[in-house]
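Trainee: Dropping a structure here in structure tokens format, bear with me for questions.
The values are calculated or read from the model by the stated rules, or taken from the named source; none is laboratory data. Note that this is a predicted model, so its numbers are computed, not measured. For neighbour counting, all protein chains shown are included, and Cβ atoms are generated from backbone atoms with ideal geometry for every residue, glycine included. For the accessible areas, the whole protein counts, side chains as well, though only heavy atoms, and no ligand, DNA or RNA atoms are used. Shrake-Rupley method; radii C 1.70, N 1.55, O 1.52, S 1.80 Å.
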Amino acid sequence: LAPATSPFAVYFFLLIIFHMAEYLLTAAFRPDTLSFDNFLLNHSTAYQACVLMAWTEYWLEFSFFSSMGRGWGALNSLGLLICLVGLVSRSLGMATASTNFSHKIEERKRDEHRLVTHGIYAHLRHPAYFGFFWWSVGTQILLCNPICVIGYAGATWHFFYDRIPHEEALLIQFFGEQYRAYMKDTVIGIPFIEYAVKRWPP
């Protein structure tokens with residue numbers, strides 16, 4: 001993996017693919033929820049701030065530490081690989097869940113809502129979250145942004161630390177023992193996040 005272009009150009013191209021995929025997959029499987037919000041461009045102020053910080057760190061390092069080089073190296077390749085794993089995992093999760101997927105946590109079970117346990121869900125019970133976490137960290141490794149690697153990992157981890165236990169509690173309400181058994185056979189895949197689920201009563 002050695003693209004004949006700058007890490008930032010590769011990152012920016014992947015960023016476009018990520019946001020387009022979010023919208024197009026929603027259009028394909030959940031057109032009833034389709035809106036501009038599904039691009040996730042306006043996901044949150046925190047997300048927009050993180051993107052701005054990443055760009056700022058990259059270009060400051062490029063401008064003032066040019067001796068470090070901004071060519072393509074092993075670390076950029078590692079970051080690209082992690083990005084691709086994240087993108088593919090998230091896209092597969094959305095496509096496999098199909099009409100069961102939603103960008104927002106659904107507080108009430110829809111009549112057509114089914115527990116998806118096949119495909120990528122046979123191994124990861126939250127592949128879209130797994131994908132987003134590793135995608136976000138991978139982008140900063142790709143850019144060789146040491147500060148933002150830590151910042152992105154921390155911010156994204158904290159977001160899912162709050163979100164996943166709440167969603168798991170709802171899924172237990174929706175599917176009962178079926179979901180409890182499913183939890184035992186799968187992993188979340190985000191480092192140290194498993195214990196967060198245990199905050200909630202079984």
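Trainee: Count the net charge of all other residues whose Cβ sits under 15 Å from the Cβ of Ala122, scoring Lys and Arg as +1 and Asp and Glu as -1.
Mentor: So the surrounding residues net to +2.
Trainee: About the Cα centre of segment 71-190, how large is the charge dipole given +1 on each Lys and Arg Cβ and -1 on each Asp and Glu Cβ? Please answer in debye to the nearest 20.
Mentor: Here the size comes out at about 80 debye.
Trainee: Taking K and R as +1 and D and E as -1, what net charge do the other residues with C-beta under 13 Å from the C-beta of Leu24 add up to?
Mentor: Around Leu24, the surrounding residues sum to +1.
Trainee: Sticking with this one: In debye, nearest 20, what is the charge dipole magnitude of the chain about its Cα centre with +1 on Lys and Arg Cβ and -1 on Asp and Glu Cβ, if you could check?
Mentor: 220 debye
Trainee: May I ask you to list, by number, the DSSP H helices of the chain whose Cα span along the axis is at least 15 Å and whose average Kyte-Doolittle hydropathy reaches -0.5 or more?
Mentor: Passing helices, by number: 7-29, 45-64, 74-97, 127-142, 146-175.
Trainee: Packing-wise, with mean Cβ within 10 Å as the measure, how do 123-134, 52-63 rank, highest first?
Mentor: 123-134, 52-63
Trainee: Which listed residue (Pro127, Ser6, Asn38) has the Cα farthest towards the positive end of the charge dipole for the chain, taking +1 on Lys and Arg C-beta and -1 on Asp and Glu C-beta about the Cα centre?
Mentor: Pro127
Trainee: Same structure, new question: In segment 4-118, what percent of the accessible surface is made up of carbon and sulfur (1.4 Å probe, ligands and nucleic acids excluded)?
Mentor: That share works out to 69 percent.
Trainee: From the helices alone, meaning DSSP H stretches of at least four residues, give me the mean residue ellipticity at 222 nm for the chain, per-run term -39500 (n - 2.57), in deg cm²/dmol to the nearest 500.
Mentor: -21000 deg cm²/dmol
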